[in-house]
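Structure record follows, encoded as structure tokens.
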Amino acid sequence: QLLQQHRARREGFAKAVLRSGGDCPFGGVSRYRAVCHIDWRRGPAAELVRSTRVAADGDAPCPESLFVGADVSLGIMEQAVRSMSVGERALFAFVDGSGRPVVADVELLATVLPEAGRPAPLEA
């Protein structure tokens, strides 16, 4: 259903909030780190292709750290994460570069501002 809404819009992404979060403390901040769980689903059947909620080889699940405002590879996900508040869980639908539908189930766990006077460290 979310993918159908997105196809009708043909721009950016479609968003469906599963759980509301609190206030958005960094509305005017250009760069910050967003710590989140993300499930990536692709194709018409929304097949799970990657998840930070599911541990591999018995390890503990590990959230992902996104460098909002600093990592150009985030693409449309930067706008998606910027639309969220801490504690929120939402589905985002968009089309990837090859024209395939993608759904990201994102739960924003925390946001971290860079330290004053020092640039935010970039992790590989």
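Side notes on the structure shown:
- Filter result for R50 (within 15 Å of S30 (Cα to Cα) and either of a type outside the set (S, T, Y) or touching a Pro at 6+ places or on another chain (Cβ under 6 Å) (or both)): no
- When the range 15-49 is filtered for residues that are in contact with a Phe, Trp or Tyr (Cβ under 7 Å, 6 or more places away or on another chain) and at pLDDT 80 or above, the ones remaining, listed by number, are K15, Y32, R33, V49.
- Any pair with Cβ under 6 angstrom, 6 or more apart, that starts in the range 45-68 at a residue that is under 21 Å from M84 (Cβ atoms) and charged (D, E, K, R) and ends at one that is in a loop (DSSP other than H, G, I, E, B) and modelled with pLDDT of 90 or more: E64/T52
- Residue count, the range 94-111 (criterion: assigned to a strand (DSSP E or B), open to solvent by 50 Å² or more (accessible area, probe 1.4 Å) and either modelled with pLDDT under 90 or closer than 23 Å to G12 by Cβ (or both)): 1
- Considered as a group, the residues in the range 32-77 that are over 14 Å from the mean Cα position of the chain (by Cα) and not hydrophobic (A, V, I, L, M, F, W, C) include one that is surrounded by the most Cβ atoms within 10 Å (Cβ to Cβ), and that residue is R42.
- Scope the range 83-93; condition in contact with a Leu (Cβ under 9 Å, 6 or more places away or on another chain) and either of a type in the set (K, R) or open to solvent by 20 Å² or more (accessible area, probe 1.4 Å) (or both); matching residues: V86, G87, R89, L91
The values are calculated or read from the model by the stated rules, or taken from the named source; none is laboratory data. Just so you know, these numbers come straight off a predicted model, no measurement behind them. Here the Cβ is made from the backbone with ideal geometry for all residues, glycine too, and neighbour counts use every protein chain on show. Side chains are part of the model used for accessible areas, which takes the heavy atoms of the whole protein and leaves out ligands, DNA and RNA. Shrake-Rupley method; radii C 1.70, N 1.55, O 1.52, S 1.80 Å.
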